[in-house]
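Have a look at the structure below before the remarks.
Nothing in this text is a laboratory measurement; each read-out follows from the coordinates by a stated rule. Not measured: the values here are computed from a predicted model. With ideal geometry, Cβ positions are generated from the backbone for all residues, glycine too; neighbour counts draw on all protein chains shown.
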Amino acid sequence: MAHRLACYAQFKLANPTTWRDLVIRHFELGALLDADQTVGDRKWAFGKYVERLEYMIYHNEKTYGFQTALVACGNLTNADRGLGLFLETKLASGTFATRFRADKDEAQGHLFAQVAHNASMEIVDAKWGDTGEIDSETK
């Protein structure tokens, strides 16, 4: 374990401004490229994610009075259809309905559409670059 920590410390020194983004991208790619991950695995992982979020949100609401209005979803268009979270704490109740004119289902739907669009655009940019030029293969 000490060797891993030393390597990680060296990695952070070598990439002082980008190390967080690189680590996040590594885990994102791992999730996308993990062929062994089933839909059930994703649902389990999302459930654990929701448990941790809810615990943190409700604990901090009770302890500090922090209020939260939150919508969350998965990022894989075909596999994550049922993965969604809509949460408003007591004093944040009604935020989406009154400020965004969206009920629970609409808020989750808008988020999922935005995430699916952005994920699709990342794939297009990765393949074609973001030059905006039409490749000869698509003409």
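Values as computed for the structure displayed
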| quantity | calculated |
| --- | --- |
| Rule-of-thumb Rg ratio for the chain [Cα; 2.2 N^0.38 Å; N residues] | 1.35 |
| Placed amide H near Leu83: partners under 5 Å, 5+ positions off or other chain | Gly74 |
| Distant-in-sequence amide H partners of Phe66 (H built 1.01 Å from N, under 5 Å) | Glu61 |
| Number of Lys pairs (Cα under 23 Å; 8 or more positions apart or on different chains) in the chain | 7 |
| Charge-dipole axis of the chain as Lys and Arg at +1 and Asp and Glu at -1 on Cβ define it, positive-most pick from Leu87, Ala113, Gly74 | Leu87 |
| For segment 37-130, size of Cβ-based charge dipole, Lys and Arg +1, Asp and Glu -1, in debye | 220 |
| Fluctuation leader among Asn15, Asn75, Asn118 - the chain, Gaussian network, Cα springs under 10 angstrom | Asn15 |
| Net charge contributed by nearby residues that have their C-beta within less than 12 Å of Phe86 (K/R +1, D/E -1) | -4 |
